[in-house]
Each structure stands twice: as structure tokens, then as C-alpha cells.
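Okay, structure first, notes after.
The values are calculated or read from the model by the stated rules, or taken from the named source; none is laboratory data. Quick caveat, the model's predicted, so the values are computed rather than measured. Note that we place each Cβ from the backbone using ideal geometry, even for glycine, and neighbour counts take in every protein chain shown. Side chains included, ligands, DNA and RNA excluded: accessible areas come from the protein's heavy atoms. Shrake-Rupley method; radii C 1.70, N 1.55, O 1.52, S 1.80 Å.
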Amino acid sequence: MGLIKNLIVFGTRPEAIKMAPLINTFKKRKDEFDTKICVTAQHRQMLDQVLDFFGIEPDYDLNLMKPNQNLFSLTADILTELKVVLEDFRPDFVYVHGDTSTSMVASLASFYFGAKICHIEAGLRTFNKKSPFPEEINRQITGRLADYHFAPTHLAKQNLLKENVDDSKILITGNTVIDALLESVKRVKEIENNEITYLKSILQSECKLILVTGHRRENHGRGFIEICEALKCIAENNEDVQIIYPVHLNPNVKGPVYEILSGIDNIYLIDPLSYPSFVWLMNESYLIITDSGGVQEEAPSLGKPVLVLRDTTERPEAVSVGTVKLVGTDREKIVSESQFLLLNEDKYREMSELHNPYGDGKACARIVEYVSLKTNEDEIKK
Ligand code: UD1
Ligand code: UDP
């Protein structure tokens, strides 16, 4: 049998971070796999930051991002453009990640084409189709289409079994985000880039740092206004607190954030950071306030408590162990929970004790071994 043809497809910042270690692991097995990378570039600058850091050069770059894009045209564009790539490379396996529009549409395109679909970070569920929107439905559709399901945790596997996915097609791997994080934590010690130099110049050692990120579509509008008003209140009530907020480039996020939070002395609104600089800053922080999925997984590994700006989460593992707490987007609740952790050292310490329910840094090795085994069993020809 010739080389197995792998196509790894992704489009946004978090997918790139979580696929980077998988790409590197596959590329080490050139004798067995011909691995090509396709980026839809659903994100542009925020994707390129990650490609640069991990040294990934896409074989296909669809360059699809449009300013303030909508789900309809994005979905249609990805589907049409991927047809050309699939017909050109003719992959045996297509790898998609998580729950973005890129992942859902790439799964559909691969199903139409007839390639086997490998879903990385499979099985996460809130069972609420409006939250997160549209991600919950994106991952349910991807799950229906996938041939192989790489579940990060035991709970994710249970969700798939409940949907009648065949046990033999599911592998519990841990989350590849931990593979990326562990590598980056090592590398970041040697990095001194402009972003880290700037961050060092503004950090005050006597202040507690709160790091903030946010972007979820269901929080656009009222949610973001409440979040920003809460941050303003926390900053004004606590002179010994610094808030650093790398603002997502989505105009529906940037608009309210800059309008409500500009000009406050102890709030720093900055552009999205490159991944190593963000990892560096997470390590420097006292508390993280976010609606991000990836940050919810990374922070417990770094011993940082997280307040999650959402009412639901498909990542309940860290909530159960107590390092992550859901606070939604209610202004009063965000302020009171933050204040509690700023003032209550014992509770803070309890929450920041290292718990990492998401992986051991070996997820990608497990995925590659599994695919290798399946191809040797000749499953691919079935
Ligand atoms: C997308 C994903 C979401 C994921 C998030 C990670 C979908 C529907 N949404 O949401 O699941 O959690 O990425 O961040 O798949 N923009 C830029 N430059 C960039 C990136 C975005 O200018 O590098 C702006 C553009 O105006 C773009 C807009 O942000 O149109 C929205 O991007 P989009 O990917 O549609 O949505 P996100 O909110 O980023
Ligand atoms: N991140 C980054 N720079 C930033 C903010 C976040 O590199 O300025 C990283 C973060 O470490 C995590 C990922 O981006 O790995 C999370 O991306 P995002 O919140 O956009 O998406 P989600 O994880 O919610 O899908």
C-alpha cells in the first residue's frame, strides 16, 4: 500500500493551536503518511499568528475571511472552495477540529467527497442548541458525519455513546490543547518578543492582574455590554488591580469593548496576542475572566482560577474539580464573584491548586497511533 493521504483542515485561531501538535506529529511519520494542510482562513491575522509560531506552511490557503462575515456566506464559501481542494489532493482521511463553521462544513464536504472523517475534540456537548451558538450544532453535525471520534475526556466519550456512536470508533486521547500548551510553556521561557517586552513594561508587581478574553456570538449585544460594565466596576473599585484585555478582532466585540472601556487607567485594551505571549500572560495573571473554550482548558493546567462568562459549558470537567466557575454575563454576578476571589485568599488558593482534567500532552501521539493501526487493519478500504 502507498502512503496514506491526510488532509488537515482548520480556519480559526483555536483550531490552529490545537491542530499544530497533530500536524507536527504526522509530519514526523513521512514514511507512512502524506500530510497536507488546508486553511480556510475563516480567521486571517489571528490564524497567521499561530501559523508563524508553530512554523506551519499551509499547502492550500482558501483566504476566505471577510470583514464582519455572516454564517450563511461563510458556510457556502467553505463548501464550494473545499470541493476543489478535495478533488485535487484526494485524501483518504480528513481531520477536523471541534465546533467551528470550518469544521462542520469540512466534514460535510469530506462526506460528499468520500474521505474518512476524523473528528478531533469530539463529544463535547451542552445539549442546548442556542448555547454556544452555532458551535453546539456544528459539533453535533460533525459528530454525525465523523468516522473516527477522538474524545478528549471520558465524559465526552459518554456523550458520543449516548448518541449511539460505535464504541470501537471512539478513542479517549486527552485534549491536544495540552500538547500545544506544554510545548509552548517550554519555548516561551526563551522568547523575548515585542509583545512580552511591552507587557513587562506595564505590569505592576504590587497589582493583581486580571486577564480577560471574550468573543461568543450569543454574548454579542447585551451580554458584552454587561461584561464591560462589570469590568469597569471591578477596575474602579480596586486600585490594586490591573485588567489586561486582548480584544478579539470581531467588530461585534471590539465595538462595545472600546466604547465602554477606553480611557480607564487600570484597564489595558490591546490587540490579540500571539500564542506564546498569551501563554506568558496567563502565567502572570491572578485571575482569568473569559468565555473562551480553549482558555477554560489551559488555565487549570497553569493553576489559574477562571470565571466563565457563560451560562452553559461543554467543558464541565474543570467546573467539577473547582478551578472554573460559570458566572454568565450578569454584571452584578461577575463583579461579586471577582471581588470574592480578590479578597478571599483561602478560597483563591483552593481554586488555583493545580488540577488538569484535560490531558497529559500525549493526545496527538495517541491519535496518530490509532490511525496507523486502523490503516494497517485495512479499514480504510471498507
Ligand atoms: C469563530 C468561530 C468560533 C470560535 C472563534 C474563535 C464560527 C461560527 N465561529 O468565531 O466557534 O470559537 O472563531 O476565536 O465558526 N476577524 C478579523 N481577523 C481575524 C479573525 C476575525 O478581522 O483574524 C473579524 C472579521 O471581521 C470576521 C469576524 O471577526 O468577519 C468574525 O469571525 P468569525 O470567524 O466569523 O467569528 P468568530 O467570532 O471569530
Ligand atoms: N489566545 C491567544 N491570544 C489571545 C487570546 C487567546 O493566542 O490574545 C489563545 C488561547 O491561549 C487559546 C485560544 O487562543 O488557546 C482560544 O481562542 P478563542 O478564545 O478565540 O476561541 P475558543 O477557544 O473559545 O474557541
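Calculated from DSSP H runs of 4 or more alone, at -39500 (n - 2.57) each and per residue, what is the 222 nm mean residue ellipticity of the chain, nearest 500?
The helix contribution divided over the chain gives -15000 deg cm²/dmol.
Normalised by the number of residues in the chain, what is the relative contact order in percent for Cα pairs under 8 Å and 6+ residues apart?
Over the chain, the number comes to 15 percent.
State the answer as a single residue: which of F127, V94, T75 lies farthest towards the positive end of the charge dipole of the stretch 53-148, with beta carbon charges of +1 for Lys and Arg and -1 for Asp and Glu, about the Cα centre.
My answer, from the dipole projection, is F127.
Among I260, I191, I210, which one moves the most in a GNM of the chain with springs linking Cα atoms closer than 10 Å?
I191
Please compute the modelled spin-label separation between F111 and A76, points set 7 Å along Cα→Cβ, answer in nm with one decimal.
Spacing of the two 7 Å Cα→Cβ label points: 2.1 nm.
If R₀ is 56 angstrom, what is the calculated FRET efficiency for the pair E206 and D88, using the beta carbon separation as r and rounding to 0.05?
According to the calculation, E is roughly 0.45.
Expected output is a single nm value to one decimal: the length gained when fully extending between N194 and N68, i.e. 0.36 nm times separation in residues minus the C-alpha distance. What is it?
Residue separation times 0.36 nm, minus the Cα-Cα distance, leaves 42.5 nm.
If you stretched the chain out fully between E350 and L373, how much longer would it get, using 0.36 nm times the residue separation minus the C-alpha to C-alpha distance?
This chain segment gains 4.0 nm when fully extended.
From the Cα trace of the stretch 217-341, what convex hull volume per residue do you get, rounded to a whole Å³?
So the per-residue hull volume is 103 Å³.
Of P305, F53, F111, whose Cα points farthest to the positive end of the dipole of the chain (charges on the beta-carbon: +1 Lys, Arg; -1 Asp, Glu; origin at the Cα centre)?
Result: F111.
Take the alpha carbon gyration tensor of the chain, find the square roots of its eigenvalues, order them as a ≥ b ≥ c, and report rounded if a/c is under 1.5; if not, report prolate when a/b exceeds b/c, else oblate.
prolate
Testing the spin-label approximation: label points 7 Å from Cα along Cα→Cβ at R217 and D61. State their distance in nm.
That separation, rounded to one decimal, is 2.6 nm.
Report the charge-dipole magnitude of the stretch 67-138 in Debye, nearest 20, computed about the Cα centre from +1 at each Lys and Arg Cβ and -1 at each Asp and Glu Cβ.
About 240 debye.
GNM, the chain, Cα, under 10 Å: largest mean-square fluctuation among Y148, Y198, Y286?
Y198
Compute the Cα gyration tensor for the stretch 185-246, then decide on rounded, prolate or oblate, letting a ≥ b ≥ c be the square roots of its eigenvalues: rounded whenever a/c is under 1.5, prolate when a/b is larger than b/c in the other cases, and oblate in all that remain.
oblate
Would you work out if the stretch 4-58 is rounded, prolate or oblate? Take a ≥ b ≥ c from the square roots of the eigenvalues of the alpha-carbon gyration tensor; rounded if a/c is under 1.5, else prolate when a/b is larger than b/c, oblate otherwise.
prolate
How far apart, in nm, are the 7 Å Cα→Cβ label points at D271 and H154?
About 4.5 nm, to one decimal.
Leaving out ligands, DNA and RNA, what percent of the accessible area of the chain is carbon and sulfur, probe 1.4 Å?
Ligands and nucleic acids excluded, carbon and sulfur give 50 percent.
Expected output is a single nm value to one decimal: the length gained when fully extending between K27 and K333, i.e. 0.36 nm times separation in residues minus the C-alpha distance. What is it?
Separation in residues times 0.36 nm, less the Cα-Cα distance, equals 105.5 nm.
Can you give the convex hull volume of the alpha carbon atoms of the stretch 97-157 per residue, in Å³?
So the per-residue hull volume is 64 Å³.
Expressed as a rounded percentage, what relative contact order does the stretch 268-353 have, with Cα pairs under 8 Å and six or more residues apart?
23
Quick check for me: using +1 on Lys/Arg Cβ and -1 on Asp/Glu Cβ, what's the dipole size of the stretch 64-200 about its Cα centre, in debye to the nearest 20?
Result for the stretch 64-200 is approximately 360 debye, rounded to the nearest 20.
Which one of L261, N193, P272 is farthest out on the positive end of the charge dipole of the chain, using unit charges on Cβ (Lys, Arg +1; Asp, Glu -1) and the Cα centre as origin?
The listed residue farthest towards the positive side: P272.
For the chain, modelled as a GNM with alpha-carbon contacts under 10 angstrom, which of Q49, Q69, Q242 fluctuates the most?
Q69
If you count only protein heavy atoms with a 1.4 Å probe, what accessible area per residue comes out for the stretch 256-382, rounded to a whole Å²?
Per-residue value: 40 Å².
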